[in-house]
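I have placed the structure first, in the form of structure tokens, so that the comments after it can refer back to it.
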Amino acid sequence: MGRSEYSKKDTGTGSLEASVLSFARRHPQFGQARVAHELALIGQTISPSGVRYIWQKHNLETAYKRLKKLEQLPERANTALTASQLAVLKRGDITRKLAQKSRGARTAGETVAPNERQDQILRAAAELFVKHGYAGTSIRDIAHQVGLLPGSVYHHFPGKEDLFVAIHREGFRQLVIRSEAAIRAEADPWKRLELACAVHIDSAVAGDAIARITAIGLFAIHEDRLQKRLERDRKNYDQQFRKLVADLDLPGTTDRSIFRLALLGALNWTLIWYRPGKTAPKQIARDLMQIFRGST
């Protein structure tokens, strides 16, 4: 290891805590390992986890938070942030706006709870998966989008595959809840199926990234291991349509499995041809029911 380009004068001559906070102020984008290394080179020993503990104590555990704090310092009033620092702030602001959609407004200085952090990572990952595909998205890309280091993403999700599975699980959970709520008060079997179809279409064409990935997830083809991990949640959602189709008064010669799969295929295909501002999801579902009911 070479000598540090920083000195005790740079970091302050006080406690380790003061030195860590000084680095947070002077170099907010340094990760915990980099800070620990630089301090060790000038004779101040602290572990990366020790650095993180001090950051958390002062609500500075992410680069975004450290930069936000830096913006507020009077001595920085006449000093512009670098392009990369501004990019981190922009990504962090976007992430927080996404979180506000489902949890209400929050101030930038609030501590992000673990569950909320996971939700932010899920939403950012889903956006990238929609835009670049599963293979075209890396954990580094996702961390960059949220304003975190890759290691912070791994703290919540062991790998990209686990993150992708978690997105589907959350999406299918939301789909089931919405569908059950839509059909709960309806007794007519065909109307119940129509309402469930409308929810599915609406999720596919007008939902957020998590909903869009999930809505077409029943027929998306992935590598075998990933396919198997998604299978349970797909089957749980598919079971709802099995029950709805089972309740229909269909001719005895009708293969209900083919009927169900053809219907789900038609629902997913709307994502390809649908154009906002034209036919509404509810009307598409109504028209589909007329077609499928007429075919029987």
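The values are calculated or read from the model by the stated rules, or taken from the named source; none is laboratory data. Since the structure is predicted, the reported quantities are computational estimates derived from the model, not experimental observations. Please note: Cβ atoms are built from the backbone with ideal geometry, for glycine as well, and neighbour counts cover all protein chains shown.
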Grab the helices (runs of 4 or more DSSP H) fully contained in the range 80-196, keeping just those with 3 or more residues being among the charged types (D, E, K, R) and modelled with pLDDT of 90 or more. 160-183
How many residues, within the range 25-61, are assigned to a helix (DSSP H, G or I) and buried (at least 18 other Cβ atoms within 10 Å of the Cβ)? 9
Complete set of residues in the range 3-37 that are acidic (Asp, Glu) and modelled with pLDDT of 85 or more: Glu17
Residues of the range 202-256 being closer than 15 Å to Phe129 by Cα and either of a type outside the set (A, V, I, L, M, F, W, C) or more than 25 Å from the chain's Cα centre (by Cα) (or both), in sequence order, are Gly207, Asp208, Arg212, Thr214, Gly217, His222
Of all residues in the range 242-296, which are within 14 Å of Ala206 (Cβ to Cβ), free of Cβ contacts under 8 Å to residues at least 12 places away in the same chain and not aliphatic (A, V, I, L, M)? Arg275, Gly277, Lys278, Thr279, Gln283
Take the range 269-294 and flag every residue that is over 28 Å from the mean Cα position of the chain (by Cα) and exposed (fewer than 10 other Cβ atoms within 10 Å of the Cβ). Lys278, Gly294
Got at least one residue in the range 120-143 being buried (at least 18 other Cβ atoms within 10 Å of the Cβ), under 24 Å from Tyr274 (Cα atoms) and in the same structural domain as Leu261 (by TED's automatic domain parsing)? no
Starting from residues that are in contact (Cβ under 8 Å) with a residue 40 or more places away in the chain, touching a Lys or Arg at 6+ places or on another chain (Cβ under 9 Å) and not aliphatic (A, V, I, L, M), keep the ones in the range 20-43 and report whichever is nearest to His144 (Cα to Cα). Gln29
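Every residue, every condition in (1) surrounded by fewer than 12 Cβ atoms within 10 Å (Cβ to Cβ); (2) within 14 Å of Arg293 (Cβ to Cβ); (3) of a type in the set (Lys, Arg), yes or no:
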{"residue": "Arg234", "(1), (2), (3)": "no, no, yes"}
{"residue": "Asp238", "(1), (2), (3)": "no, no, no"}
{"residue": "Phe241", "(1), (2), (3)": "no, no, no"}
{"residue": "Leu244", "(1), (2), (3)": "no, yes, no"}
{"residue": "Asp249", "(1), (2), (3)": "yes, yes, no"}
{"residue": "Ser257", "(1), (2), (3)": "yes, no, no"}
{"residue": "Ala262", "(1), (2), (3)": "no, yes, no"}
{"residue": "Leu267", "(1), (2), (3)": "no, no, no"}
